[in-house]
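The structure under discussion appears below in the form of structure tokens.
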Amino acid sequence: MFSSKYGKAIDTSENTNRGVGGLKIRRKMTRDQAHYSGLSGRADLHMHSTFSDGLGTIQQILHHVQYNTDLDVIALTDHNVVEGALRARDLWAKGRYRFDFIVGEEISTREGHMLALFIEKRIPPHLSIERSIDLVHEQGGLAIVDHPLNPLFRHSCQREVLDRIAESENVWLDGIETWNASFCGIYTNRLAMRINREVYGWPEVGNSDAHTTYAIGRGCTWFEGSTALDVRTRIESGECAPGGKLWRMHDYWRLASHRIQKRRKVRRERVA
Ligand SMILES: [Zn+2]
Ligand SMILES: [Zn+2]
């Protein structure tokens, strides 16, 4: 039995998350299931631009989402910065885009990475996860732990941290990313889905964690509606579900070749 943010007791013996209630314990939601369940909105709430370690500029990302995806909502979540997302929102507001936009950040907490959505101010890295969650909530944002439970990735929150938050009286998570389309999720997506459905019952989201524009939308969150406010409402009520696929080989290849070129350039500059 754990406490939710409303002080309600959560009975962990049954899954209280309505969005994934009809799914098997290790399954994401397919497109057909999403449409059948009325969760026809598609959001990708985790991606990176050149403001951190992504390859796409904010202009390229907005253009790509508009013309090459069917996403209804995106969140830009660069590592430990919010400036790119704020600038992207300005560009988005001036353009005529058919999708909705959320300002976010992927915070490097001491215990692992965490997404902050619907924020306006940067949250500094290297704080405890509890303090980081508090700072997100002070701004009225949502705190979502991303790519958790990966035993090999040092930026992944582990079980004891999730247990600690779940048992806390004052700190709560608004959601958990149980589908991450990058290498971080290859083995652990199924583990995260199983443990969340058996133990925590937090609302589940799926995201691409795209570092290249072409990977945007590979992971997604299914929800009812089509706006950023709809996504927020559905996450808060647990009526959302993770979906999508993993990155393709060329997503890895683009990222790797970019990083190799960057390293060579730095080496050349040092020699010169
Ligand atoms: Zn991360
Ligand atoms: Zn990321």
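The values are calculated or read from the model by the stated rules, or taken from the named source; none is laboratory data. Quick caveat, the model's predicted, so the values are computed rather than measured. In this analysis, Cβ positions are derived from the backbone assuming ideal geometry, glycine residues included, and neighbour counts consider all displayed protein chains. Surface accessibility is based on the protein's heavy atoms, side chains included, excluding ligands, DNA and RNA. Shrake-Rupley method; radii C 1.70, N 1.55, O 1.52, S 1.80 Å.
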- Between the alpha carbon centres of the stretch 124-161 and the stretch 14-60 the gap in Å comes to 19 Å
- Difference of contour (0.36 nm per residue) and Cα-Cα distance, Arg31 to Arg259: 78.7 nm
- Query: Which whole-number percent is the relative contact order of the chain (Cα, under 8 Å, 6+ apart)?
  - Reply: 23 percent
- Rounded to the nearest 10 degrees, the helix 129-138 long axis (Cα) sits at an angle to the longest Cα principal axis of the chain of 90 degrees
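Quote the relative contact order of the stretch 98-190 in percent (integer), defining contacts as alpha-carbon pairs under 8 Å separated by 6+ residues. Don't jump to the answer; show the numbers that get you there.
Working: 166 pairs, mean separation 22.7, N = 93.
Over the stretch 98-190, the number comes to 24 percent.
For Val199 and Val271, what does the FRET efficiency come to when R0 = 41 Å and r is the distance between their Cβ atoms, rounded to the nearest 0.05? Working shown, then result.
On the way: r = 53 Å, r/R0 = 1.30.
The pair Val199/Val271 has a calculated efficiency of 0.15.
Share of antiparallel DSSP beta bridges in the chain, in percent to the nearest 5?
Numbers: 20 of 35 bridges.
The answer is about 55 percent antiparallel.
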- Within the chain: Cβ-based charge dipole about Cα centre, in debye rounded to nearest 20 (Lys, Arg +1; Asp, Glu -1): 1440 debye
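For the stretch 112-260, what is the relative contact order in percent, using Cα pairs closer than 8 Å and at least 6 residues apart in sequence?
Averaging sequence separation for qualifying contacts and normalising by length gives 18 percent for the stretch 112-260.
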- Given 116-123, 239-246, 91-98, the highest-first ranking by average Cβ count within 10 Å works out to 239-246, 116-123, 91-98
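Using mean Cβ contacts within 10 Å as the protection proxy, how do 49-57, 254-262, 205-213 order, highest first?
205-213, 49-57, 254-262
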- Item | Accessible area (Å², 1.4 Å probe, nearest 10) - Ile186 | 100 Å²
- Message: Can you tell me what share of the DSSP beta bridges in the stretch 40-130 is antiparallel? A percent to the nearest 5 is fine.
- Response: 45 percent
- Task: Report the charge-dipole magnitude of the stretch 31-186 in Debye, nearest 20, computed about the Cα centre from +1 at each Lys and Arg Cβ and -1 at each Asp and Glu Cβ.
- Result: 500 debye
- Query: Order of 18-27, 146-155 by packing, highest average Cβ count within 10 Å first?
  - Reply: 146-155, 18-27
- Residue farthest toward the positive end of the dipole of the chain, with Cβ of Lys/Arg at +1 and Asp/Glu at -1: which of Ala34, His113, Gln66? Gln66
- Once Lys and Arg get +1 and Asp and Glu get -1 on their Cβ, which of Pro148, Ser128, Phe183 lies farthest toward the positive end of the dipole of the chain? Phe183
- Query: Once the whole set of protein chains is in place, how much accessible area is left on Ser168, using a 1.4 Å probe, in Å² to the nearest 10?
  - Reply: 30 Å²
